[in-house]
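Derivation of every value follows stated rules applied to the coordinates shown; laboratory data play no part. These figures come from a predicted structure and were not determined experimentally. Neighbour counts run over all protein chains shown; Cβ positions are idealised from the backbone, glycine included.
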Amino acid sequence: AQSVTQLGSHVSVSEGALVLLRCNYSSSVPPYLFWYVQYPNQGLQLLLKYTSAATLVKGINGFEAEFKKSETSFHLTKPSAHMSDAAEYFCAVSEGYGGSQGNLIFGKGTKLSVKP
Amino acid sequence: NAGVTQTPKFQVLKTGQSMTLQCAQDMNHNSMYWYRQDPGMGLRLIYYSASEGTTDKGEVPNGYNVSRLNKREFSLRLESAAPSQTSVYFCASSRPGTTPYGYTFGSGTRLTVV
């Protein structure tokens, strides 16, 4: 069964520092992988997705993620943190696009704090 | 372009009361989902509807029922609310195709059961 593990429930960085949020997945077939962001008291918004094209995926707000099959990882990075990046980030996996295979399985989330 | 609309945004129930959470999407999406979000637990799937006329259980269906009223609307019903159902509930929709498009989420319903 597919699953997602996000390492670190809380990550704190200084403004201007590198952001690295870790995600490892487990899947029996080539997965589709997603990162979502949730700002306080809001719904989830898609940041980026990997769907078996380029392994380096660029998303909104300067974020990117690299799919590494050998490491079963899909870590999210941003070169320089901004105060507005403070939010909770969720990694998600699915194994297909129809029926239950298309359902997204979410990690438990990583809360990012940005210090001035 | 409203996307996914959930009502109500906030609700307080007494134990044993019933209520229905409403969700509607205007993107002509086929699939719709109900998740609950609890601190430290991420999002867990309650029920989903792959297409109009079908519904299936997710990871945590106990205590809930759903209705896919038409292509636009997918409601979640709590027949007898319990304090363990205190949570934030999110509805989402997606457009299956040759590659997954990800989900579009509503803004959530904060439910407290006392």
Fill in the blank from the handout: In the neighbourhood of B:Phe90 defined by beta carbon distances under 11 Å, the net charge of the other residues (Lys, Arg +1; Asp, Glu -1) is +3
Exercise for the section: Take the alpha carbon atoms of region B:1-54, find their center, do the same for region A:38-116, and report the distance between the two centers in whole angstrom. Expected result: 22 Å
Exercise for the section: Please build a GNM for chain A, connecting alpha carbons under 10 Å apart, and tell me which residue among A:Val11, A:Val19, A:Val29 fluctuates the most. Expected result: A:Val29
Practice task
Please build a GNM for chain B, connecting alpha carbons under 10 Å apart, and tell me which residue among B:Met19, B:Met32, B:Met41 fluctuates the most.
Solution key: B:Met41
Exercise for the section: Would you mind calculating the gained length between B:Ser51 and B:Glu73 on full extension (0.36 nm times residue separation, minus the Cα-Cα distance), in nm to one decimal? Expected result: 6.8 nm
Completion exercise
Taking the protein assembly as shown, the equivalent ellipsoid from its C-alpha gyration tensor has semi-axes in Å, biggest first, of 29, 21, 15
Handout entry: GNM flexibility winner over chain A from A:Ala53, A:Ala92, A:Ala81 (Cα, springs under 10 Å)
Key = A:Ala53
Exercise for the section: Starting from the Cα of B:Lys14, draw a straight line to each of the lysines and keep only those under 28 Å, dropping any in the same chain fewer than 8 residues away. Expected result: B:Lys57
Handout entry: Kirkwood Rh and Cα Rg combined as Rg over Rh, evaluated for chain A
Key = 0.96
Fill in the blank from the handout: Proximal lysine pairs in chain A, meaning Cα under 18 Å and 8 or more positions apart or interchain, come to 11
Exercise for the section: Would you tally the net charge around A:Thr55, using a Cβ to Cβ cut-off of less than 14 Å, leaving A:Thr55 out, and scoring K and R as +1, D and E as -1? Expected result: +1
Problem - Net charge over other residues, Cβ less than 15 angstrom from the Cβ of A:Asn41 (K, R count +1; D, E count -1) - result: +2
Problem - Those trypsin sites (Lys or Arg not before Pro) in region B:32-114 that DSSP places in a loop and that have at most 11 other beta carbons within 10 Å - result: none
